[in-house]
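Encoded as structure tokens, the structure appears first; notes follow it.
Read the figures in this text as sums done on the coordinates, not as results from a lab. Quantities reported herein were computed from a predicted structural model and do not represent experimental measurements. Positions of Cβ are generated from backbone atoms using ideal geometry, with glycine treated the same way; all protein chains shown enter the neighbour counts.
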Amino acid sequence: MTAVTGGFGLLLPEERADAAALVRQGFGIPREYFDRSVELFGPDVMRGLRAGPETGHAGRLVACAAVWPMDQWFGGRPVPSCGVAAVAVDPAERGRGYGTALMRGLLEEARAGGAALSVLYPATLPVYTRLGFGRGGVSFDWSAPPAALSDGPPPADGWVRRADASDASPLAALRRTLLTTTNGLVERNEGLWSFALCPDGAPSDVYTLGGAGGPEGYIAVVPPADRKLTVADLCLLSPRAVRLAQSFLAGYRAQVDRVSWRGGPDDALVLLAPERGVRVDACDDWLLRILDLPRALESRGYPPGVSGELVLDVSDALIPENSGCFRLRLCGGTASVRSLPRGPDSAPKAGGRTDEAVLSLSIAALASLYSGHKGPHALRQVGLLRGGEDAVALAALFFSGPTPWMPDRF
Ligand SMILES: CC(C)(COP(=O)(O)OP(=O)(O)OC[C@H]1O[C@@H](n2cnc3c(N)ncnc32)[C@H](O)[C@@H]1OP(=O)(O)O)[C@@H](O)C(=O)NCCC(=O)NCCS
């Protein structure tokens, strides 16, 4: 990776007010919210980029971002990832390459620190797609009239109990099942739990849902306002938990016109809604960057019944170690990756065998395939991947699984 000049590094305490001003200009975030977020995520969360000596204002902070390590789950296993948020460049300095330089600096740092992936929500695409990010998954805003969510009494064999919202650990224990059974969810740190349970800084009320065997999920709701009910967080691990949540939300029908919540495309409340009226109010894509190709592929889980070998011929303009041919071998739900030598013309060589299943794609397209957001047929159809029928069919099996999503926004 190319080294960044101009002073990339940890944000210094004396630069905090300048960073808060950049974030205010970038996202309209007030100083108190910025300070609260930095406290929650920890003092090491912010990075800064200073102007270089050629500028006339050398050393001045021109860009900043927040970055933190976390696990992101794919195929039932945690993959070391790096969350990125609040990427902001001084409005007087935009379009001069600082945003790109800042991102390069923090991707390089994250990779050196062991992250296999990086994930972010983009406000704009070009700066990130050029850096090798691909579409990784979605985050849906669903809403419905409360009466559309339930048409009967709550299940007699279940219970709903108010929980202590200040202690996220029992909720994290429940949520772990969700992490292992879907794709794309991130392991929350204190900051992300606070964002989830206290959207806009206001605490939500948390209720645990369960049956005779114990808790089977939870639901966190913000007190209703303006005839709307916002579900701050949701984890429903059984059909009974879904039915309990449905009747819990339908109980607000005299108070609110709509209930909103975040979820994925296969949302349980949507799948079991007995009446029309559920709609998608928004769908945000999040982007994924594969920082360390072998580590990313070997860390995630795969369908246990699938085995085989696939050669990935990958191009990565930013991280040369990710460029070239890699043999991906799958067995028993785990993968091993071996880098293949290059040919005499320095072109990557797929191992010399003519019967190999080979896929050629960019590191950004591999991110979409890896997460399960887009299958190889769809990627090939739009020209983001090249490969024969056998290779495409095999890749479809390797990367099959639940559609990746996440409710967390950062
Ligand atoms: C988006 C942003 C970080 C880009 O930083 P930057 O220093 O202007 O970007 P660069 O100069 O490195 O340019 C990289 C690419 O970003 C895009 N870009 C440049 N200025 C931009 C702007 N003002 N708004 C949106 N995108 C812009 C262009 O595609 C550019 O490529 P080009 O030079 O070939 O046209 C910056 O505009 C910003 O702080 N915006 C407000 C906050 C924001 O939206 N942050 C992103 C959150 S994910």
Residue 285-residue 336 pseudo-label distance in nm [points 7 Å out on the Cα-to-Cβ vector]: 3.6 nm
Highest-MSF residue in the chain out of 83, 308, 372 [GNM, Cα springs under 10 Å]: 308
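Cα-Cα pairs above 23 Å in the stretch 278-410: how many percent?
Value for the stretch 278-410 (Cα pairs over 23 Å): 32 percent.
With +1 on each Lys and Arg Cβ and -1 on each Asp and Glu Cβ, how big is the dipole of the chain about its Cα centre, in debye rounded to the nearest 20? Show your work: numbers first, answer last.
Numbers: 41 positive and 44 negative charges, 94 e Å.
Computed about the Cα centre, the dipole is about 460 debye.
Can you tell me the relative contact order of the chain? Whole percent, Cα pairs under 8 Å, sequence separation 6 or more.
Relative contact order comes out at 19 percent.
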Global geometry of the chain, whether rounded, prolate or oblate, following the gyration tensor of its Cα atoms and the 1.5 cut on a/c: oblate
Set of the stretch 140-178 residues, backbone N closer than 12 Å to the point 7 Å along the Cα-Cβ line of residue 212: 157-158
Top positive-direction residue, dipole computed over the stretch 146-276 with Cβ charges, set 154, 204, 219: 154
Cα centroid of the stretch 240-274 to Cα centroid of the stretch 143-162, whole Å: 7 Å
Residue 381 paired with residue 55, simple spin-label distance in nm, labels 7 Å along Cα-to-beta-carbon: 4.5 nm
Simple spin-label estimate for residue 228 and residue 17 in nanometres, 7 Å along Cα-Cβ: 3.6 nm
Highest-fluctuation residue, 79, 23, 382 considered, GNM on the chain with Cα pairs under 10 Å: 382
Value at 222 nm in deg cm²/dmol, rounded to 500, when DSSP H runs of n ≥ 4 in the chain each add -39,500 (n - 2.57): -7500 deg cm²/dmol
Listed residues 136, 315, 195: farthest to the positive end of the dipole of the chain (Cβ charges): 315
Overall Cα dimensions of the stretch 8-115 - principal axes, largest extent first, Å: 50, 31, 22
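With charges set only on the Cβ (+1 for Lys and Arg, -1 for Asp and Glu), what does the dipole of the stretch 146-276 come to about its Cα centre, in debye to the nearest 20? Intermediate values should be presented prior to the final figure.
Values: 13 positive and 15 negative charges, 40 e Å.
Dipole about the Cα centre, nearest 20: 200 debye.
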Charge dipole magnitude, Cβ of K and R +1, D and E -1 - the stretch 292-398, Cα centre, debye nearest 20: 100 debye
Selected from 49, 20, 73, residue furthest toward positive end of dipole (the stretch 8-115; charges at beta carbon): 73
Max mean-square fluctuation residue, GNM over the chain, Cα-Cα springs under 10 Å, options 74, 326, 27: 27
